[in-house]
Amino acid sequence: METDGSKDLRWLAPEIVAEHECWMRRALSEAEQAWREDEVPVGAVVVYQRRLLAASHNRREQINDPTAHAEMLAIAQAAAARGSWRLDDCTLYVTLEPCVMCAGAIVQARIPWVVYGAPDPKAGAVDSLFRLLGDSRLNHRAQVIGGVLAEPCGRILTRFFQGKRRLGKK
């Protein structure tokens with residue numbers, strides 16, 4: 001059963017849910033690495049034919065690049081690994097709902113499946129604020145499954161920002 005481009009996990013076969021959770025755990029390990037590097041803990045992986053093609057995490061602070069979101073870096077790695085900007089047989093797993101910039105990159109890369117963990121009510125461009133990946137005015141649309149391991153994906157972000165606030169940082 002679909003609602004606004006997202007798929008409700010209750011309607012997926014248990015083995016499909018298990019596979020999505022497995023890859024989301026891999027994305028969570030990238031998010032944990034981001035936290036160790038004092039970056040906002042978001043991780044992303046790109047999977048091709050049930051194999052890991054690319055994995056990354058936020059690196060904006062490290063390389064002073066506002067575009068260095070986990071998704072952007074993973075998409076670039078995947079394109080390099082495939083030797084093509086078209087990632088039309090791939091699935092992107094990301095711990096946080098993609099923003100407008102990342103959703104745009106997903107459209108441009110022709111990624112057909114996006115699976116995310118926690119929703120982003122302040123900047124989410126897949127379900128929360130905008131629904132770019134399902135917009136029929138665009139030349140590409142992606143199927144979206146949101147909420148995979150949402151609790152641990154959200155918890156790592158909450159804990160990270162609580163720590164920053166305790167230290168008086170944003």
query = Across bins of 10 angstrom width beginning at 0, how are the C-alpha pair distances of the chain distributed, in whole percent?
reply = 11, 42, 36, 10, 1
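How much accessible area per residue does the chain have, counting only protein heavy atoms and a probe of 1.4 Å, in square angstrom? Don't skip to the answer; put the middle values down first.
Details: 8900 Å² over 170 residues.
Per-residue accessible area for the chain comes out at 52 Å².
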key: Dipole of the chain, positive end: most advanced residue of Trp113, Ala81, Leu167 [Cβ charges, Cα centre]   = Leu167
query = Given His20, Pro41, Gly146, which one lies farthest toward the positive end of the charge dipole of the chain, if we put +1 on the Cβ of every Lys and Arg and -1 on the Cβ of every Asp and Glu?
reply = Pro41
note = Any residue on another chain or 5+ positions along whose placed amide H is under 5 Å from the amide H of Thr95 is listed here as Gly43, Gly117
task = Figure the gain on full extension for Arg10 and Thr67 (residue separation times 0.36 nm, minus the Cα-Cα span) and round it to one decimal in nm.
result = 17.1 nm
key: Most mobile listed residue (Arg59, Arg82, Arg141) in the chain, GNM with C-alpha springs under 10 Å   = Arg82
inquiry  = If packing is taken as the average number of other Cβ atoms within 10 Å across a peptide's residues, how do 18-25, 69-76, 106-113, 43-50 rank, most packed first?
reply    = 69-76, 43-50, 106-113, 18-25
query = Given the rule -39500 (n - 2.57) for each run of at least 4 DSSP H residues, summed and divided by the residues of the chain, what is its mean residue ellipticity at 222 nm, to the nearest 500 deg cm²/dmol?
reply = -12500 deg cm²/dmol
task = Tally up the carbon and sulfur contribution to the accessible surface of the chain as a whole percent, 1.4 Å probe, everything protein left in place.
result = 52 percent
key: Cα-centre dipole for the chain with unit charges at Cβ (Lys and Arg positive, Asp and Glu negative), debye to 20   = 400 debye
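The values are calculated or read from the model by the stated rules, or taken from the named source; none is laboratory data. This structure is a prediction, so every number in the text was calculated from the model and none was measured. No Cβ is skipped: glycine too gets one built from the backbone with ideal geometry, and neighbour counts run over all protein chains shown. Accessible surface areas use protein heavy atoms only, side chains included; no ligands, DNA or RNA. Shrake-Rupley method; radii C 1.70, N 1.55, O 1.52, S 1.80 Å.
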